[in-house]
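Down below is the structure, laid out as structure tokens.
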Amino acid sequence: MSSSKNGAFVMVDFCVITDKNLDVFDKMTYVALCKFADREGKCFPSQNTLAALVGCGRSRLRKSLDNLKGLNYLRVDSRVLDGKQRSNLYTLLPRENRTRVSSSAEGGLQKTHPGSQDGHITISNITRSKEQDSGELPQCDAVAEKPQDSRKPALYPGRASEPPSPSFYKNQNTPPLEREMKHPPYEEVVESFKRHFPDQNPPTLDEANCMWMRVAALVHDELYTAQGWDDYFDGIAKSPFLSGDNDVNWRPGVFWILLTKNIRKVKEGFFERGGTWEQIVEQRMKIADLTEEDQKYVRDLIFNIKSREAA
């Protein structure tokens, strides 16, 4: 920094960024002060305003201010109005006041006026310098992502010289569901249904049936393949009960077959035997031994069958 005796503002040099005694929050605090400083290097922003600019809490900000004072980057005085302290008065000190600055040799002296939007030293530059200096603290990865008002400039360290790849724009224009959704082989499911149940009307590929097929495949991953549906339909076709060997000659329809809870029961072997519901349960296990979920499943299915029988 040069002295302010000539009436010009104390200029900021590149060693602010390269000084290894400063962590990223310290550097951000220094640049935030530069945004408010006058031609004599003085300013008096509130700690809340500085904390918002830096992106840290008040306690972390105070630590950075202490670090800057200890390295003679900054002097903090009381700002008094009408005999009462109103705020801190911050003064950025000339470079010759600093005796413990440690910076890289290649840093140079890139100078800029604090507050200038065209200057080289910005919060973005400081954040970006973290990537080049392995000695910086890891917590400095945090950057502001939400749009901010004019009092809180965005801190995102993006590089304007690196435009997004073409795939970025492609992905932005593609609805997420279309990009990620997997589909079962609808036509092959219908053909497999016809082979296993030639005397039944096959499912139509309307919106509702396709939706139930997708849900079934989401729950049972093997149903994304034609072989998975073949195996499932085999389980139904080989079940005496589901083939009509029950007290009301009931057979499941398309909607029942596509429901995931019924698919799971078929795969578990729940319908391997024929006969009435009472006989099936007695042969397989006592009703009291069924899980609560299975008991409800049995009651609901018996109710549906009995209702169809009464109709």
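Set the Förster radius R0 to 25 Å, insert the Cβ-Cβ distance between M181 and W256 as r into 1/(1 + (r/R0)^6), and round the FRET efficiency to 0.05. Walk me through the numbers before you get to the answer.
Numbers: r = 25 Å, r/R0 = 0.99.
With R0 = 25 Å, the Cβ-Cβ based efficiency is 0.50.
Under the 0.36 nm per residue contour assumption, what length would be gained going from the current alpha-carbon distance of S87 and Q227 to full extension? Don't jump to the answer; show the numbers that get you there.
Working: separation 140, 0.36 × 140 = 50.40 nm, distance 7.52 nm.
Additional length available on full extension: 42.9 nm.
Compute the length gained on full extension between A237 and T49: take 0.36 nm times their separation in residues and subtract their Cα-Cα distance, giving the result in nm to one decimal.
Numbers: separation 188, 0.36 × 188 = 67.68 nm, distance 7.25 nm.
Additional length available on full extension: 60.4 nm.
Summing Lys, Arg as +1 and Asp, Glu as -1, what charge do residues with Cβ under 11 Å from the Cβ of D230 carry, D230 excluded? Walk me through the numbers before you get to the answer.
Working: positive: R195; negative: E188, E191, E222, D231, D234.
Here the count lands on -4.
What full-extension length gain, to one decimal in nm, is calculated for R62 and D245 as 0.36 nm per residue of separation minus the Cα-Cα distance? Working shown, then result.
On the way: separation 183, 0.36 × 183 = 65.88 nm, distance 8.06 nm.
Between R62 and D245, full extension yields 57.8 nm more.
Take each of the peptides 15-24, 219-228, average the number of other beta-carbon atoms within 10 Å over its residues, and list them starting from the highest. Walk me through the numbers before you get to the answer.
Numbers: 15-24: 20.7, 219-228: 15.2.
Those peptides, ordered most packed to least, come out 15-24, 219-228.
Just so you know, all these numbers are worked out from the coordinates, no wet-lab data involved. Since this is a predicted model, take the numbers as computed values, not measurements. Note that each Cβ is placed from the backbone with ideal geometry, even for glycine, and that neighbours are counted across all protein chains shown.
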